[in-house]
Amino acid sequence: MTRHDCLNAASEALTERGSAYGDAAKNFERIAAIWSVVIGQPISTQQVALCMVGLKMARLVETPDHADSWIDLAGYAALGSEVGE
């Protein structure tokens, strides 16, 4: 997969998932609120994006050729740049 293929696939996935999950900023706010209660300290929307990127990175260590994880990683990075507070 080329870098352009990866980024195009990430863009398509963001559009599809936006339809399924709603506005990314609102979704990340909900995730941050839940994680804040679980962890017992405030979590920001950007931290949600960073943690999701970290999750994808951890999975890629096991299976570095798994294209979907690379696509998701690019998508979470893009969302992190967008949901900044």
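Kindly indicate which of ALA74, ALA58 is of a type in the set (A, V, I, L, M) and loosely packed, with under 11 Cβ neighbours inside 10 Å. Step through it out loud before you land on a result.
Values: ALA74 fails: loosely packed, with under 11 Cβ neighbours inside 10 Å.
ALA58 is the lone residue from the list that is of a type in the set (A, V, I, L, M) and loosely packed, with under 11 Cβ neighbours inside 10 Å.
Can you name the residue in the stretch 11-32 that is farther than 13 Å from VAL48 by Cβ and of a type in the set (Asp, Glu) and, of all such residues, is modelled with the lowest pLDDT?
By that ranking, first place goes to GLU16.
What residue, among those in the stretch 14-55 that are part of a helix (DSSP H, G or I) and either on the phi > 0 side of the Ramachandran plot or basic (Lys, Arg) (or both), is surrounded by the fewest Cβ atoms within 10 Å (Cβ to Cβ)?
Within the stretch 14-55, the subset part of a helix (DSSP H, G or I) is 14-21, 24-39, 45-55.
Remaining after also requiring either on the phi > 0 side of the Ramachandran plot or basic (Lys, Arg) (or both): 17, 26, 30.
Numbers: ARG17: 15, LYS26: 12, ARG30: 14.
If we take residues in the stretch 14-55 being part of a helix (DSSP H, G or I) and either on the phi > 0 side of the Ramachandran plot or basic (Lys, Arg) (or both), then LYS26 is surrounded by the fewest Cβ atoms within 10 Å (Cβ to Cβ).
Taking GLU82, is it of a type outside the set (Gly, Ala, Ser) and under 18 Å from LEU7 (Cβ atoms)?
yes
The values are calculated or read from the model by the stated rules, or taken from the named source; none is laboratory data. Nothing here was measured: the structure is a model prediction, and the numbers come from that model. Note that each Cβ is placed from the backbone with ideal geometry, even for glycine, and that neighbours are counted across all protein chains shown.
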